[in-house]
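Since the structure comes first, as structure tokens, the remarks are kept for the end.
The values are calculated or read from the model by the stated rules, or taken from the named source; none is laboratory data. Keep in mind that this is a model prediction, so the values were computed, not measured. Glycine also receives a Cβ, built like all others from the backbone with ideal geometry; neighbour counts cover every protein chain displayed.
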Amino acid sequence: MSKPKFYVTTPIYYVNDVPHIGHAYTTIAADVLARFKRLSGSEVFFLTGTDEHGQKVEQAAASRGEPPQALADRMSDHFKALWRKLDISNDYFIRTTDERHKRAAQALFQTLYEKGDIYKGEYEDWYCTPCETFWTESQFEHAKHCPSCGRPTEKLKEESYFFRLSKYQKPLLDYITANPDFILPESRRNEVLKFIKGGLRDLSVTRTSFKWGVPVPVDDKHIIYVWLDALTNYLTAIGYPDDTAHFNRLWPADVHLLAKDILRFHAVYWPAFLMSAGFALPKQIVAHGWWTVEGRKMSKSLGNVVDPHQIIDQYGVDALRYFLLREVSFGNDGDFSHTAFIGRLNADLANDLGNLVSRSLAMLGKYFKGVVPEANEDQGVTGELELLVEQSIGRIIALYDEAYFSRILEEIWVVVAAANKYIEQMAPWALNKEPAKIKQLAAVMYNITEVIRIIALLIWPFMPNTAAKIWRQLGIKEALESSNFYEITMWGGLLSGTVTIKGPPLFPRVE
Ligand code: MSP
């Protein structure tokens, strides 16, 4: 039987600057999904990359006195390097300046044009370069300032080709209404519905006033609007327009992950382009919230941009991965503060998880020379714990369908807490003092070690390094990542006789 496929994407990031924790957040979230799906037996294609054309990148390059391609080369290397350091398991990294992508963007433009959905006109309105977004006067809340980022916009008047977005107002509304899980979370879905109901105007999809973009196939005075160019990446990366077999295997995407800032492009423009071109729509668009830093918007001018490298070098990759996905309720905005970071590192990681592993393996070393004893259900000390673990796993699987990462971690920590409580209740140190209770002690120590094995599996998508360290300490020979989630999370998988090796603390406390 062939494996189910799972195609997950992040936005492709602009190369006007180096990546920060906001970019890291989306990419880690996508990585968690990709890892979980791989472990669950799916054939995963996980895509990320860089968005390299447009006025914003052209201006950033000009202000640095370098050609845009040179800036794009340098910055896309920064993104790639950060993803390697963060253990991101992407299967492909797309760049919109790849020749193959440029041809794909032109092919999609040509298709929409031949469909009769692109026509020539004149654009006269306002443009926000940082957001690469067109605005009309009626959309302003503060005169001429971008309703999305608040920065001043500039007046544009140029010949332009337009996409008949208005034609798709009703089909889009019908589709979103009929598919309640298409846009998550629900609050974001409602925003999109409201936006569409407010009326869709045709969208300018070409520019003439600057050069850094993909030439329009039917008119080389024009370049393709950076968002039409960028969105096409989700097709290019899987073979469009040449490799039909690969494309048909993976399209439609299962999940596009992104933040609320670019939801409209993904949940309105992109589906409209796809409808026009006759492609199926992505199955799900998941929009998360926005990170601030110590209560303020992250910005270069405020000098509060959090550099992921610094955090990783100081506290480790897994601590950052954990904190970002645990700290905010997925979908809501979140705040990155040093105090909160250290708080979680000490409480959740060093205390709850780290101590569980180190004290359990220390006891196993003391009582059984580190060798996993026999499982023994007859001792009556297993049932409750086993049931709790099973129920948690059931909830975790369901939460993955909603991409509800913070809740998944909470649920894993229900298991961690249960394991700690089990140790307190069973008090192996007391059982060890009574020779008649040796069988019970053995059963208890088996159970504790077994829960730790399951916890390692559950945290692996979030903290692959920590999971691997626990796995090694448990002395399990089979590679964690080549196992199957549904099989190995079943209670009783740990073999008695396995020789554990206690290691250094997983997360030293930070003062
Ligand atoms: N190039 C476009 C996307 C094209 S996709 C076809 C773009 N790039 S971006 O570099 O600005 O990245 C935006 C995305 O980065 C957000 O949607 C989000 O995924 C992530 N984030 C950037 N800053 C962020 C925060 N402060 N908080 C949370 N996520 C953030 O838009």
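Look at the stretch 183-220 and say how many of its residues are of a type outside the set (Val, Ile, Thr) and in a helix (DSSP H, G or I).
So the answer is 10.
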Of the residues in the stretch 1-28, those that are hydrophobic (A, V, I, L, M, F, W, C) and farther than 16 Å from Phe46 by Cα number 4
(1) under 17 Å from Ala30 (Cβ atoms); (2) surrounded by 16 or more Cβ atoms within 10 Å (Cβ to Cβ) all hold for Pro252 apart from (2)
Open item on the list: Among the residues that make up the stretch 436-448, is at least one of them without any contact (Cβ under 8 Å) to a residue 24 or more places away in the chain and under 31 Å from the mean Cα position of the chain (by Cα)?
Closed with: no
Of (1) over 25 Å from Glu402 (Cα atoms); (2) surrounded by fewer than 18 Cβ atoms within 10 Å (Cβ to Cβ); (3) within 16 Å of the ligand (Cβ to nearest atom), Glu191 satisfies every one except (1)
(1) away from the ligand (no atom under 16 Å from the Cβ); (2) of a type in the set (A, V, I, L, M); (3) farther than 29 Å from Arg103 by Cα; (4) surrounded by 22 or more Cβ atoms within 10 Å (Cβ to Cβ) all hold for Ile183 apart from (1)
Only unsatisfied item for Pro180, checking (1) modelled with pLDDT of 95 or more; (2) part of a loop (DSSP other than H, G, I, E, B); (3) in contact with a strand residue (DSSP E or B) (Cβ under 7 Å, 6 or more places away or on another chain), is (3)
Among the residues that make up the stretch 112-126, is at least one of them assigned to a helix (DSSP H, G or I) and out of contact with any strand residue (DSSP E or B) (no Cβ under 6 Å at 6 or more places or on another chain)? yes
Those residues of the stretch 1-47 which are over 20 Å from Lys260 (Cα atoms), among the polar types (S, T, N, Q) and touching a Pro at 6+ places or on another chain (Cβ under 8 Å) amount to Ser42
Checking Ile28, Ile21 in turn, the sole residue that is touching a residue at least 40 places away in the same chain (Cβ under 8 Å), surrounded by fewer than 22 Cβ atoms within 10 Å (Cβ to Cβ) and within 17 Å of Leu325 (Cα to Cα) turns out to be Ile21
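Looking at His53, is it closer than 21 Å to Asp261 by Cβ and within 13 Å of the chain's Cα centre (by Cα)?
Numbers: closer than 21 Å to Asp261 by Cβ: yes; within 13 Å of the chain's Cα centre (by Cα): no.
No, not satisfied.
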Out of (1) surrounded by 20 or more Cβ atoms within 10 Å (Cβ to Cβ); (2) within 22 Å of Val381 (Cα to Cα); (3) in contact with a Leu (Cβ under 6 Å, 6 or more places away or on another chain), the one Lys437 does not meet is (1)
Scanning the stretch 407-419 for residues that are in contact with a helix residue (DSSP H, G or I) (Cβ under 6 Å, 6 or more places away or on another chain) and either at positive phi or surrounded by fewer than 19 Cβ atoms within 10 Å (Cβ to Cβ) (or both) gives Arg407, Val414, Ala418
Those residues of the stretch 366-386 that are surrounded by fewer than 16 Cβ atoms within 10 Å (Cβ to Cβ) and among the small types (Gly, Ala, Ser) come to a total of 2
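Each row is one residue, and each column tells you yes or no for (1) more than 17 Å from Asn376 (Cβ to Cβ); (2) not charged (D, E, K, R).
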| position | (1), (2) |
| --- | --- |
| Leu399 | yes, yes |
| Glu402 | yes, no |
| Leu409 | yes, yes |
| Ala417 | yes, yes |
| Asn420 | yes, yes |
| Gln425 | yes, yes |
| Leu431 | no, yes |
Inside the stretch 8-30, the number of residues satisfying the requirement of being within 22 Å of Leu457 (Cα to Cα), more than 6 Å from the ligand (Cβ to nearest atom) and among the hydroxyl-bearing types (Ser, Thr, Tyr) is 1
Cβ pairs under 7 Å, 6+ apart or interchain, first in the stretch 194-208 and within 11 Å of Gly121 (Cβ to Cβ), second surrounded by 11 or more Cβ atoms within 10 Å (Cβ to Cβ) and at pLDDT below 95, ordered by first then second residue, are Ser204/Tyr123; Ser204/Phe134
Here is a check on your reading of the model: is Tyr92 farther than 22 Å from Ile312 by Cβ and crowded, with 22+ Cβ neighbours inside 10 Å? no
Notebook entry, point to check: Does the stretch 221-233 contain at least one residue that is in contact with a Phe, Trp or Tyr (Cβ under 8 Å, 6 or more places away or on another chain), β-branched (Val, Ile, Thr) and part of a strand (DSSP E or B)?
Noted result: yes
Reported set for the stretch 31-71 where residues are within 12 Å of the ligand (Cβ to nearest atom), part of a helix (DSSP H, G or I) and buried (at least 21 other Cβ atoms within 10 Å of the Cβ) is Val57
